[in-house]
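Let me begin by presenting the structure, written as structure tokens, before commenting on it.
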Amino acid sequence: ELGDYAHFMQKEIFEQPDALENTMRGRFSEDGSTAQFGGLNLNADELRNVDRIILCACGTAWHACLVTKHLIERFARLPVEVDYASEFRYRNAPLSPTNTLCLVMSQSGETIDTLAALREAKRKGLRVLAVTNVVGSTIAREADGGIYQHAGPEIGVASTKAFTSQLLIGAMLALYLARLRTMSFTDGAAAVAALRAVPALIRKTLEQAPRIAEIATRYAQVTDMLFLGRLALFPIALEGALKLKEISYIHAEGYPAAELKHGPIALISPDCPSVFFVTRGELFSKVVSSMQEVKARGGPIIAICTEGLELPEKLADARIDIPDCHEAILPLVATIPVQLLSYEIAKQRGCDVDKPRNLAKSVTVE
Ligand code: M6R
């Protein structure tokens with residue numbers, strides 16, 4: 001089943017172009033300006049009346065929710081909250097069932113905390129949608145409607161293709177909600193074109209695997225690593241840190257880059273590399289100045305950077321390029337280098353990549 005791959009995680013990383021093709025299949029409108037979903041069980045008017053969305057999930061799926069929040073708020077201008085499912089189930093959030101929609105995300109569809117959050121939301125009268133990868137899973141069955149990921153079975157404990165397919169669905173949902181509100185046909189068509197380009201862009205990014213393996217050899221023996229990104233790339237910083245700690249047992253943390261000076265900068269030293277997401281856009285110069293703060297304290301920098309973007313000389317010790325792309329798909333494309341980096345580091349440390357210690361693929365007990 002592994003074919004030419006050394007681990008399921010590696011296979012699943014490289015399967016992403018196909019998995020994402022499957023996630024998108026049949027889900028764009030004929031006029032090419034929006035997404036469409038068959039199983040929401042909510043009509044356009046009901047969705048237009050939604051004025052608040054609550055997203056609940058655990059682990060990697062929770063990171064996908066953070067990106068989805070960013071995209072829905074950015075494109076549909078709808079307020080979104082993100083909760084850890086384990087907290088939502090107990091914190092008795094004030095809810096007004098009429099116009100609030102709850103959406104849970106779970107690759108397996110069996111995570112007990114996410115299931116309990118779904119049940120709690122339903123008990124309080126909310127409509128609950130689910131994004132899951134497993135057809136007929138408990139969460140899929142109990143939700144009022146939902147979206148299947150169609151990413152194919154994921155064996156590696158560290159989630160990869162299921163995460164990017166959740167990001168893709170989040171972007172498509174944001175587009176769909178935005179087109180029911182204020183987004184223009186032209187902006188919608190541009191977003192659809194960008195989404196359709198995802199498999200090709202991922203393929204291109206995956207070509208950097210050998211270079212990332214080489215970078216990994218330089219940092220495989222460190223004990224700490226920071227991941228720093230802003231806006232929709234902050235959740236990808238969290239995801240990079242989670243991936244690395246899960247499979248390599250290196251202590252890693254993700255932060256919005258500007259938070260560095262509020263504490264984590266104390267960790268910076270030649271033994272603690274920082275992975276920065278640095279892309280074109282409004283916050284470029286702010287991220288560069290965070291990088292300079294790290295550099296000034298002797299911290300090594302790995303920059304995941306838009307191709308062609310010029311960085312101050314000698315700022316980055318290693319650079320991994322990602323293609324320039326539409327903001328709806330940027331988090332997805334930026335995920336690929338951190339998946340490969342953590343995979344390569346774990347492999348070089350001789351870790352059991354597919355079955356990391358203390359972890360289970362699906363957490364079905366509280
Ligand atoms: O099946 P789920 O998406 O509900 O799983 C949620 C988390 O347990 C899962 O994403 C976990 O964080 C992974 N090991 C991450 O790689």
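Points to keep in mind about this one:
- Of the criteria (1) assigned to a helix (DSSP H, G or I); (2) within 20 Å of L167 (Cα to Cα); (3) touching a Cys at 6+ places or on another chain (Cβ under 6 Å), which one F88 fails: (2)
- At least 2 residues being polar (S, T, N, Q) is the threshold, and among the helices (runs of 4 or more DSSP H) wholly inside the range 5-73 those reaching it are 16-24.
- In the set A194, A143, only one residue is closer than 30 Å to R48 by Cα and touching an Asp or Glu at 6+ places or on another chain (Cβ under 9 Å); that residue is A194.
- The residues of the range 1-45 that are small (G, A, S), over 30 Å from E344 (Cα atoms) and buried (at least 19 other Cβ atoms within 10 Å of the Cβ), listed by number, are S33, A35.
- Exactly one residue out of R48, R77 is at positive phi, in contact (Cβ under 8 Å) with a residue 60 or more places away in the chain and either within 14 Å of the ligand (Cβ to nearest atom) or not polar (S, T, N, Q) (or both): that is R77.
- Every condition in (1) more than 8 Å from the ligand (Cβ to nearest atom); (2) in contact with a Gly (Cβ under 9 Å, 6 or more places away or on another chain); (3) closer than 25 Å to K245 by Cβ; (4) not aromatic (F, W, Y) is met by L95 except one, and the failing one is (3).
- Evaluated against (1) surrounded by 24 or more Cβ atoms within 10 Å (Cβ to Cβ); (2) at positive phi; (3) in contact (Cβ under 8 Å) with a residue 60 or more places away in the chain, H150 falls short on exactly one condition, (1).
- If the condition is being more than 14 Å from A61 (Cβ to Cβ), within 13 Å of the ligand (Cβ to nearest atom) and surrounded by fewer than 24 Cβ atoms within 10 Å (Cβ to Cβ), then the range 231-245 contributes only K245.
- Any chance E87 is loosely packed, with under 15 Cβ neighbours inside 10 Å and within 16 Å of the ligand (Cβ to nearest atom): yes
- Test: residue in the range 52-59 that is touching a Pro at 6+ places or on another chain (Cβ under 6 Å) and either among the basic types (K, R) or away from the ligand (no atom under 16 Å from the Cβ) (or both): yes
- Residue that is surrounded by the fewest Cβ atoms within 10 Å (Cβ to Cβ) [pool: residues in the range 116-136 that are outside any strand (DSSP E or B) and within 9 Å of the ligand (Cβ to nearest atom)]: V134
- Exactly one residue out of D354, D317, D324 is closer than 27 Å to F14 by Cβ, within 16 Å of the ligand (Cβ to nearest atom) and either touching a Phe, Trp or Tyr at 6+ places or on another chain (Cβ under 9 Å) or charged (D, E, K, R) (or both): that is D354.
- Test: P199 is out of contact with any strand residue (DSSP E or B) (no Cβ under 8 Å at 6 or more places or on another chain) and either within 30 Å of P97 (Cβ to Cβ) or surrounded by fewer than 17 Cβ atoms within 10 Å (Cβ to Cβ) (or both): no
- Against the test of being of a type in the set (S, T, Y) and under 24 Å from L359 (Cα atoms), the options T114, T68 yield a single qualifying residue, T114.
Bear in mind these aren't lab numbers, they're just calculated from the coordinates by the rules spelled out. Note that the coordinates shown come from a computational prediction; the quantities given were computed from them, not determined experimentally. Heads up, the Cβs are rebuilt from the backbone with ideal geometry, glycines too, and the neighbour counts pull from every protein chain shown.
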